[in-house]
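Working notes for the structure below.
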Amino acid sequence: MSWCHECETEYEEGAVKCPRCGAELFGEKPAAKLKKPKLKWSFGRRRDVSAEWPMERGGAKVPAAFLANIGGTQADYELTLSVLRAFGIPYACDFPGMGQISRVYTGSSGGGMDIYVPETMLEDAKNILFADSEEQG
């Protein structure tokens with residue numbers, strides 16, 4: 001299947017341009033169509049949560065928004081988290097699937113580390129972590 005990232009519409013294989021808007025078609029879904037993992041605040045699984053998570057006026061935690069999945073080793077995870085800490089952005093971490101167990105045995109998580117930030121700080125966090133990569137291309 002091919003996807004138009006402008007119209008966010010799916011087309012059959014073989015099409016090169018979107019018949020609706022003329023944009024180039026891609027083999028992957030546009031970011032808006034991808035399901036993003038949700039962080040559930042629960043006591044069943046331990047979450048690594050930094051600093052004070054902001055609260056809404058009613059006293060509930062600001063909802064968490066998925067920022068990124070970081071692959072690699074513990075050093076890669078810590079480097080990314082240290083950047084968020086330096087800018088005062090609280091985060092919560094989760095290791096999808098068997099990631100937490102894999103980390104214990106091998107030192108890295110096969111599924112990487114999912115990072116969540118308060119939804120009110122999502123754009124700032126994206127700009128801090130990914131600004132250089134967006135400017136380059």
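Of note:
- Stretchable slack from GLU8 to ALA68, in nm (0.36 nm times residue separation minus alpha-carbon distance): 19.5 nm
- Sorted peptide list for 71-84, 115-128, criterion being average Cβ within 10 angstrom, highest first: 115-128, 71-84
Any read-out appearing in this document is the output of simple, stated calculations on the displayed coordinates, not a laboratory observation. The structure presented is a predicted model; accordingly, all values stated were derived computationally and were not measured. Cβ: placed from backbone, ideal geometry, glycine included. Neighbour counts: every protein chain shown.
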